Amino acid sequence: MKKQIKKIIQKALHLFPTDDLYLLALKHGTDKRGHGYTGVYKEVFSKLKNQQLNILEIGVGGFDNPNIGGASLRMWKEYFKRSNIFSIDVYDKSQIEEKRIKIFKGSQNDVSFLERVANEIGTIDIIIDDGSHICEHIITSFNTLFSYLNSGGVYIIEDSHTSYLPQFGGDYTNFNNNSSTVGFFKELVDGLNYEYIPNRKHTVYDGEIISILFYPKMIIVHKGKNKHRLTPYNINEINKAENNPDCPIKD
Ligand SMILES: C[S@@+](CC[C@H](N)C(=O)[O-])C[C@H]1O[C@@H](n2cnc3c(N)ncnc32)[C@H](O)[C@@H]1O
């Protein structure tokens, strides 16, 4: 009965144009609605939706069935009316391709494949990782694709709760384990204030990330220049901290 009602609503939604992401998710049948992601996406994407963007989503959907999947890609295509939607999947999903939707076959854990895809796309404005949800794969994809993301771009990881599930390489005992997805991104948080950390070994992300948002099951990274030159005030504060015997920050 519930399924039938859903089908009727989906059919009705095909008759009425909408740009509401919750309704578009329902219309196209992606589980992003059920996970509660569409509310967050509305906030993050509302200013971007009329721009001409390159959007890459990892994970087409439908796994080894070549004819099933692409629900979210069709949702993005309808929402971002002027944008090109790209996707990758380990399985052949060429049947799903349509105008403004292009799909590459390969693994998100394969660095050279990702580089080839990114070079073909050119620069990317939004990356959404909804692939294997394996921590190692998520981290490899981020480390590889971040440099192809435009400044001002957004990188999103869905289902980050796998960070606590051992079958996905997660760890629910050591929350600072940086081989779990959440552990890895927690470490990047320190880099937001890299200029204030004496003797920091700089990473490629220092100065390149404006914000990192942690939601239940979801992480959002905004790329952009984050270079606040040290002001006399900051230097004074650091000196004071270094002279304080209780302060753990020392040269
Ligand atoms: C949850 S589904 C994606 C759902 C789709 N994004 C949506 O919202 O409609 C996950 C997809 O990721 C693909 N996948 C699994 N492991 C992958 C990997 N290592 N690299 C790329 N894609 C992978 C699966 O084949 C599956 O089609």
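Filtering GLY62, GLY131 for residues that are within 11 Å of the ligand (Cβ to nearest atom), closer than 25 Å to HIS161 by Cα and over 18 Å from the mean Cα position of the chain (by Cα) leaves a single hit, GLY62. Of the residues making up region 16-56, just one is assigned to a loop (DSSP other than H, G, I, E, B), surrounded by 14 or more Cβ atoms within 10 Å (Cβ to Cβ) and polar (S, T, N, Q), namely THR30. Scanning region 82-105 for any residue that is of a type in the set (Lys, Arg), more than 12 Å from the ligand (Cβ to nearest atom) and part of a helix (DSSP H, G or I) turns up nothing.
Yes/no matrix, rows are residues, columns are (1) farther than 26 Å from GLY61 by Cα; (2) part of a loop (DSSP other than H, G, I, E, B); (3) free of Cβ contacts under 8 Å to residues at least 60 places away in the same chain:
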site: GLU136; (1), (2), (3): no, no, yes
site: TYR155; (1), (2), (3): no, no, no
site: PHE175; (1), (2), (3): yes, yes, yes
site: LEU188; (1), (2), (3): yes, no, yes
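Could you check region 65-81 and list, in sequence order, the residues that are more than 9 Å from the ligand (Cβ to nearest atom) and of a type in the set (D, E, K, R)? Those that are more than 9 Å from the ligand (Cβ to nearest atom) and of a type in the set (D, E, K, R): LYS77, GLU78, LYS81. Note on region 173-203: among residues that are among the aromatic types (Phe, Trp, Tyr) and farther than 21 Å from TYR155 by Cα, the one that is surrounded by the most Cβ atoms within 10 Å (Cβ to Cβ) is TYR196. Of the set (1) at pLDDT 95 or above; (2) part of a strand (DSSP E or B), all apply to SER211 but (1).
The values are calculated or read from the model by the stated rules, or taken from the named source; none is laboratory data. Model, not experiment: these values are computed from the prediction. Reconstructed Cβ throughout: ideal geometry from the backbone, glycine too, with neighbour counts over all protein chains shown.
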